[in-house]
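Written below as C-alpha cells is the structure these notes are about.
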Amino acid sequence: METITYAVDGAVATITLNRPQVRNAMNGRMIEELRQTLEAVNLDTGVRVLVLRGAGPVFCAGGDLRDLFTDTHPVAIRNLIALRIRPLSRALITLDKPLVCALQGPVAGAGLAMALAADFVIATEEASFVTAFGKIGAIPDAGVMWLLAQHVGLMRAKDIVLRAKTLTAAQALDLGIYTEVVPKAGFDDAVNGLVAELAEGATLAMTFAKHALRDAVRMPFDAFMDLESAGQGLMHASHDHHEGVQAFLEKRAPRFTGR
C-alpha cells in the first residue's frame, strides 16, 4: 500500500496513516486504501481491536486539496463526498471491532471524522482538534457535523463549526470528544494498555453494544428496547457469555475469545 501501513499482532490490528510529508492529508489513494483495509479488518475473525495512528507529528490534516479538489464543478464535489468519502466514513462508524484512535498530534478537516467515529480516543496534550472549514468558506464534510452533533449536542456543535474553532486537547476531553489526554511520554503506554484490555474483553458484546449506543440517539424507546432484547438473547447464546458466567462461578478471570 502506498499511503497507509497495516500490521496485525495477535488480536490487534494497526492502521497507520503514512503520508507524513503532507501531514497525512488524505488523497484519493488513501481514501480507497483505508476503505479496503477496514473491510478486511471486519472480515478477519482473528482481529478483535483496531488501532488507528498517524505517522509523524500530525495525525491527519484533512483532505489533500491538491488531489481531491482538482475538479470543482458542483457535481464533481457532490460525487467525491457522496460516492468516495461517505463509504469510508460509514466503514469507520459501522466497524464491528472496537476502534481506538491514537492521536499523537493535531487532527483537522476530514481527519476529524476518523477521531469522532472511534470508540476511544487517546490523545497527547499536543493533539488539538481543528475544524478550519469555515476559514476557507466551506462546511465540514466526511460526516463530521453529524458525528460532532452526536458527541457534543447541537448547540456546542454549532459553536465549534460556525466559529471554526480550534479546541485544545483539554477542551476536546472536557467535551467528551477525547477519551483520555496524556503527556507525550506516556502516550504509547496509555494506548497499549487500553488496547490490551479491549483485546482480552468480550468483543462480541462490545460490537453489539457500540452499534446499539450509536443508534440509541435516533431511535424511539420501544424500538430500541426491541433491539436490546433481541441482542441480549443473542449474547446469552455466545461462547463469551457462557465463559463469563463460568468464570464468575469459579472465581477466576474470564478467557474471552470474541465468539
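The values are calculated or read from the model by the stated rules, or taken from the named source; none is laboratory data. Just so you know, these numbers come straight off a predicted model, no measurement behind them. Methodologically, a virtual Cβ is constructed for each residue, glycine included, from the backbone with ideal geometry; neighbour enumeration extends over all protein chains shown. Side chains are part of the model used for accessible areas, which takes the heavy atoms of the whole protein and leaves out ligands, DNA and RNA. Shrake-Rupley method; radii C 1.70, N 1.55, O 1.52, S 1.80 Å.
Annotations
- Extreme residue, farthest from the chain's Cα centre (by Cα), among residues of region 9-51 that are within 18 Å of PHE120 (Cβ to Cβ) and part of a loop (DSSP other than H, G, I, E, B): ALA11
- All of (1) open to solvent by 40 Å² or more (accessible area, probe 1.4 Å); (2) under 12 Å from the mean Cα position of the chain (by Cα); (3) farther than 23 Å from PRO87 by Cα hold for ILE122 with one exception: (1).
- Filter pass, MET206 being assigned to a loop (DSSP other than H, G, I, E, B), out of contact with any helix residue (DSSP H, G or I) (no Cβ under 6 Å at 6 or more places or on another chain) and either surrounded by 12 or more Cβ atoms within 10 Å (Cβ to Cβ) or of a type in the set (S, T, N, Q) (or both): no
- Checked against the criteria, ILE85 counts as in a helix (DSSP H, G or I), under 27 Å from LYS165 (Cα atoms) and at pLDDT below 95.
- If only residues of region 88-98 that are touching a Leu at 6+ places or on another chain (Cβ under 6 Å) and in a helix (DSSP H, G or I) are counted, the one that is surrounded by the most Cβ atoms within 10 Å (Cβ to Cβ) is LEU88.
- Residues (open to solvent by 70 Å² or more (accessible area, probe 1.4 Å) and not charged (D, E, K, R)) located in region 226-254: SER229, GLN232, LEU234, HIS236, ALA237, HIS239, HIS242, GLN246, PHE248, LEU249, ALA253
- If the condition is being farther than 27 Å from ALA247 by Cβ, part of a helix (DSSP H, G or I) and free of Cβ contacts under 8 Å to residues at least 12 places away in the same chain, then region 209-233 contributes ALA216, PHE221, ASP222, ALA223, MET225, ASP226.
- Residue, nearest to MET26 (Cα to Cα), within region 69-83, restricted to residues that are open to solvent by 100 Å² or more (accessible area, probe 1.4 Å) and of a type outside the set (Val, Ile, Thr): LEU83
- Flag for ARG66 being under 27 Å from GLY193 (Cα atoms), open to solvent by 30 Å² or more (accessible area, probe 1.4 Å) and either among the basic types (Lys, Arg) or modelled with pLDDT of 95 or more (or both): no
- Sub-6 Å Cβ pairs linking a first residue in region 75-102 that is free of Cβ contacts under 8 Å to residues at least 40 places away in the same chain to a second residue that is part of a helix (DSSP H, G or I) and open to solvent by less than 60 Å² (accessible area, probe 1.4 Å), at least 6 apart or interchain, number zero.
- Each residue in region 171-191 was checked for being open to solvent by 60 Å² or more (accessible area, probe 1.4 Å) and among the aliphatic types (A, V, I, L, M), and 2 of them qualify.
- In region 141-159 there is at least one residue that is at pLDDT below 95, open to solvent by 10 Å² or more (accessible area, probe 1.4 Å), within 18 Å of the chain's Cα centre (by Cα) and among the charged types (D, E, K, R).
- Scanning region 26-62 for residues that are touching a residue at least 60 places away in the same chain (Cβ under 8 Å) and touching a strand residue (DSSP E or B) at 6+ places or on another chain (Cβ under 8 Å), we see that the one that is nearest to MET1 (Cα to Cα) is MET26.
- No other residue among LEU173, LEU112 is free of Cβ contacts under 8 Å to residues at least 60 places away in the same chain and farther than 21 Å from ALA91 by Cα apart from LEU173.
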